[in-house]
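Notes follow once the structure below has been shown.
Every number in this text was worked out from the coordinates using simple rules, so none of it is lab data. Given the structure is predicted, the values throughout are model-derived calculations rather than measurements. So basically every Cβ, Gly included, is an ideal-geometry build from the backbone, and we count neighbours across all protein chains shown.
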Amino acid sequence: MGERSTRDAEIRSARLRLRPMSPPLLAAFLAGRRDESARLVGAGVPGDWPDEHDARFLRLRLGELGQAPELQEWIVRAVVLDHPRPRMIGHAGFHGPPGRNGPGKAGALELGYTIFEPFRGNGYATEAARALMDWARARHGVEHFIASVAPGNVPSLAVVRRLGFEQIGEQWDDEDGLELVFELGSS
């Protein structure tokens, strides 16, 4: 996906831009090429990111895009806050296209989001998640969403509850351990 088509595929909310992370951008992040990363994402990037956990996640997504480039619109996006200056404050996206991951109704999208520590507590995760779901509804007619949250992740639990998700069960994730599974969608 070229730079122009990446900008065209941005999802916007009141305060945020959700910019698709292309394979060249993922590779730049993983290689620690800060200047290239900032240019490709169109915003300043944290000097200490990605940590090892997020690096594993980015390598996974880069591998998936290498096998299936059509996943670009579904998976990871940079969360960019433009004011007072453009900077990447986290990442958000789906775990794949509808029905790919997670329990719940057929055709559901599993949502994921991370807001970097200095920017937490400002409603950015809720805003990014809502923007992603609104985009999936408007562009693809998706009405069912899944979110998996660690029981001790109080801020993320607040986000899913604020968005109207209801807990439907639990699951074990080999990397993250016990997760509570939430679903949102019409019956």
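Multiplying the residue separation of R120 and A31 by 0.36 nm and removing their Cα-Cα distance gives an extension gain of 29.4 nm.
With contributions of -39500 (n - 2.57) from each DSSP H run of at least four residues, the per-residue ellipticity at 222 nm computed over the chain stands at -10500 deg cm²/dmol.
Once you reduce the range 117-133 and the range 26-45 to the center of their Cα atoms, the two points are 21 Å from each other. Compared with the alpha-carbon gap, the fully stretched path from D134 to D51 is longer by 26.9 nm at 0.36 nm per residue.
Spacing of the modelled spin labels on A68 and V154, each 7 Å from Cα toward Cβ, amounts to 3.8 nm. With R₀ fixed at 45 Å, the C-beta to C-beta distance from E175 to R85 puts the FRET efficiency at about 0.85. Charge dipole of the range 3-184 (Cα centre as origin; +1 on each Lys and Arg Cβ, -1 on each Asp and Glu Cβ, all else neutral): 820 debye, rounded to the nearest 20.
With a Förster radius of 25 Å applied to the C-beta separation of A14 and E166, the computed FRET efficiency comes to 0.45.
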